[in-house]
Amino acid sequence: MRRAPSPEVKAPARGRFGQYGGRYVPETLMAALAELERVYDEAVADPRFGEELNDLLRNYVGRPTPVSEVPRLSERVGCRVLLKREDLNHTGAHKINNTIGQVLLARRMGKRRIIAETGAGQHGVATATACARFGLECVVYMGEEDMARQRLNVYRMRVMGATVVPVGSGTRTLKDALNEAMRDWVTNVTHTHYVIGTVAGPDPFPRMVRDFQSVIGREAKSQVLERVGALPTTVVACVGGGSNAMGIFHSFLDDPAVELVGVEAGGEGLATGKHSATLAAGRPGVLHGSLSYVLQDADGQVQPTHSVSAGLDYPGVGPEHSYLRDTGRVKYDNVTDGEALDAFHALARLEGILPALESSHAVAWAMRERRWSARDVVLINLSGRGDKDVAHVAAVTGAEL
Amino acid sequence: MSDRSIAARWKLIRSERRAALIPYLTAGYPSVERTREALRMVVEGGADFVEVGVPFSDPLADGPVIQRSSHAALQQGMNVAGVLELIRETDLAVPVIVFSYLNPIMAYGLERFARDAQTAGVAGLLLTDLPAGEDPSVEQIMRAAGLDLIRLIAPTTEGTRLADAVRGAGGFLYVISRLGVTGTRTQLDEHAAHLVSRVRAVSDLPIALGFGLATGEQARAAARIADGVVVGSALVERLGEGIEPARRLMAELRAGVQGPFDRPKP
């Protein structure tokens, strides 16, 4: 017979990572979150859901993505560097791993209207793509400043039939797009599913998005083991909300020998205040439905952020990252706009790969750190491709297109 | 201690066979001085309770009017300390309820807020993004300081969730008359009456109806089915124009809740 659990051994509450996470939302949304949790649990237990998802990931998204050797970058870094090529996914980034999964869930719930927020536009494009594939209505909220930075992605979404709604409130970037998407959801919750694009927001989004993205780490781990015969020394990924990082870290969390590093956007440098390095300069607070680190002032007002990369320009971070920061399992660092731009150019010149400005932060960190020996292996999650950034990079570097 | 408790006020309202009028205003909008005047004006104008909003940078449950008033109030430097100071110095004759998102209160310090709110004479607290049961420690701290926890009940709050949502609530229940964010709308949602009766079946607390009520006529329609009427965006909008337009709206709303109304015995 099983003994009753002793009272002092408390399992962590569901939907919490240590103290972080939770459902800090208006009451109106509580029923929808409960429904989503139930439908997600059922889907996970249903083999047909897994089969359908895997078939789409393989034959529509183009998974598995390769792990590439990059000899000339390796020479610069001083050890063997491998890139997990999420840039080679359909639509050009890891975001589609999550949107396909969530749109399948929306169908199970019978919700035919999809909304999303987007920063760089990659999540918006990936959501518009999944909606087009299944014939669902798609509305994407995007900050006006981001629309100007990422015009190409705005057009891609519209071509696929999505409505892109400009958000002119607040800082007119990703956080305000999230606010506006939440307002839409509160209003239309009975027939609308909100496809959150990162491991933030109220439970169950952080763990659900992580699960959909964890295909990155599962593939990468076996690919590196096969190619190298050992686990990587270091795994590095950029962190805005943190979905590509959680996706690749998740399979390595129980391998203590593997160093895990998340790279935040240092913008113009932490000292200037113009950055998005939430885990470096924020403190715990409640934003967008969960308790996590937040860049905020002494009064608890969320601070404006800056990054050359729209996808990292966000004052919050997923709650699981906050937990992993506090436990020390993942180390978080940051690089500046300038370092990221240099890495963007370096990877293009050295390897013929144009990284997204977000992913360039991870590359930049490895190029700056250079502390490994020849036997070490650094695995970088190249979360997206840089085609969308070409015009912006040209503009900020004063080049002509 | 003079009885400025929420419960005592409800007793008075019931004895007058009318509904409660509950104005909301954003502290610091359009200015700190104007808020001070507005607080006194709404009490003179017949408010039974006053909801004082703490401005927040990311008001994701609010429509355009409260978004704008919050932004403007933050430009004026309004913060939690300023809100409590306004409440303390105006020393209103009716119970005051602080209406806030959780983060500014967390940043101020939960225990510190509970203590200072009590000292300032605050009677109740409504946290927009802290649904029932999500963080019981926050609620315990506030309750221990004698603050009534006002809970929101939405049209989507059903079944076991409705039972959870009313457990531990105090003062009254704030029933959201429709899905969506705060803001004015032309008609009282037809489902509101049904929602109110569902809530009455599980709780003896008085019920205030809000979200989208803007005119005396709407207040009257709401007062027929609920015990109180909350008016926010419409009043905030008038305050942006000036004290007098807001005073005229208060008079119209006050006539709307006057009754007499017969309602089920609590």
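The values are calculated or read from the model by the stated rules, or taken from the named source; none is laboratory data. Everything numeric here is computed off the predicted structure, so don't read it as measured data. Please note: Cβ atoms are built from the backbone with ideal geometry, for glycine as well, and neighbour counts cover all protein chains shown. Just so you know, the surface numbers come from the protein's heavy atoms only, side chains and all, with ligands and any DNA or RNA stripped out. Shrake-Rupley method; radii C 1.70, N 1.55, O 1.52, S 1.80 Å.
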Taking chain A and a Cβ-Cβ threshold of 4.7 Å, the cysteines left without a partner are A:Cys79, A:Cys238
Inter-part gap, Cα centre of segment A:24-88 to Cα centre of segment B:92-148, in whole angstrom, is 40
Note to self, chain A gives a 222 nm [θ] from helices alone (DSSP H runs n ≥ 4, -39500 (n - 2.57) apiece, / all residues, nearest 500) of -12500 deg cm²/dmol
If each part is reduced to its alpha-carbon centroid, segment B:233-266 and segment B:5-53 end up apart, in Å, by 10
Over chain A, with neighbouring protein chains present, the accessible area per residue in Å² at probe 1.4 Å is 37
Measure of exposure for B:Met106: accessible area at 1.4 Å probe, Å² rounded to 10, is 60
Rounded to the nearest 100 Å², the accessible area hidden between B and A, summed over both chains at a 1.4 Å probe radius, is 2700
Per GNM of chain B with C-alpha springs under 10 angstrom, the most fluctuating residue out of B:Pro95, B:Pro206, B:Pro131 is B:Pro131
Residues whose built amide H sits under 5 Å from the amide H of A:Val377, excluding neighbours closer than 5 in sequence, are A:Thr233, A:Thr234
Residues of segment B:169-193 that bury at least 40 Å² of accessible area, probe 1.4 Å, when all protein chains are present rather than the chain alone, are B:Leu179, B:Gly180
Computed over segment A:155-271, the convex hull of the Cα set has an average projected area, in nm², of 10.9
Going residue by residue through segment B:241-251, the Karplus relation 6.51 cos²θ - 1.76 cosθ + 1.60 with θ = phi - 60° gives ³J(HN,Hα) values, rounded to whole Hz and with x marking Gly or Pro, of 7, x, 5, 5, x, 5, 5, 5, 5, 4, 4
One would report the antiparallel percent of DSSP beta bridges in the protein assembly as shown, rounded to the nearest 5, as 20
Here the averaged projected area of segment B:6-257, based on the convex hull of its alpha-carbon atoms and given in nm², is 11.6
Non-local residues with an amide H under 5 Å from the amide H of A:Glu117, with H modelled 1.01 Å from N and Pro and chain starts lacking one, are A:Tyr141, A:Gly197
The correct ranking of A:Glu268, B:Glu85 by accessible area at 1.4 Å, largest first, is A:Glu268, B:Glu85
Among residues of segment B:112-132, a drop of 40 Å² or more in 1.4 Å probe accessible area, assembly relative to the chain on its own, occurs for B:Asp129, B:Pro131
Cα extents of segment A:10-121 along the principal axes, largest first, in whole Å, come to 54, 36, 30
In the structure shown, of A:Lys111/A:Lys388; A:Lys95/A:Lys175; A:Lys274/A:Lys388; A:Lys331/A:Lys388; A:Lys221/A:Lys274; A:Lys95/A:Lys331, the pairs separated by more than 25 angstrom at the C-alpha atoms are A:Lys111/A:Lys388; A:Lys331/A:Lys388; A:Lys221/A:Lys274
Relative to the compact-globule estimate 2.2 N^0.38 Å (N residues), the Cα gyration radius of segment A:160-211 stands at a ratio of 1.22
For A:Met109 the rounded accessible area (nearest 10 Å², probe 1.4 Å, non-protein molecules ignored) is 30
Ignoring ligands, DNA and RNA, the residues of segment A:158-173 whose accessible area with a 1.4 Å probe is reduced by 10 Å² or more relative to the chain alone are A:Ser169
Expressed as a percent, the accessible surface of segment A:78-183 that is carbon or sulfur, using a 1.4 Å probe and the full set of protein chains, is 49
The answer for segment B:6-257, accessible area per residue at 1.4 Å probe in Å², is 35
So the FRET efficiency between A:Glu51 and B:Gln140, C-beta based with R0 = 60 Å and rounded to 0.05, is 0.80
Counting only protein heavy atoms and leaving out ligands, DNA and RNA, the solvent-accessible surface of A:His361 at a 1.4 Å probe, in Å² to the nearest 10, equals 0
Note on chain B: contact order normalised by length, alpha-carbon pairs under 8 Å, 6 or more apart, percent, works out to 23
D (µm²/s, integer) via Stokes-Einstein for chain A, Kirkwood Rh across alpha-carbon pairs, 37 °C, 0.692 mPa s: value 156
Carbon/sulfur accessible area of segment B:6-257, % of total, 1.4 Å probe, equals 48
Residue by residue through segment A:365-374, the couplings from Karplus 6.51 cos²θ - 1.76 cosθ + 1.60 with θ = phi - 60°, in Hz, x for Gly and Pro, are 5, 4, 5, 7, 5, 6, 10, 9, 9, 4
Taking only the alpha-carbon atoms of segment A:184-236, the convex hull volume per residue, in cubic angstrom, is 93
Sorted by chain and then number, the residues having a modelled amide H within less than 5 Å of the amide H of B:Arg151, at least 5 places away or on another chain, are B:Gly170, B:Phe172, B:Tyr174
Under the 7 Å Cα-to-Cβ spin-label approximation, A:Met109 and B:Gln118 lie apart by a distance in nanometres of 4.1
1/(1 + (r/R0)^6) with r = Cβ-Cβ of A:Tyr60 and B:Glu16, R0 = 56 Å, i.e. FRET efficiency to nearest 0.05, evaluates to 0.25
Placing each pseudo-label 7 Å from Cα in the direction of the beta carbon, A:Asp255 and B:His194 end up separated by a distance in nanometres of 5.5
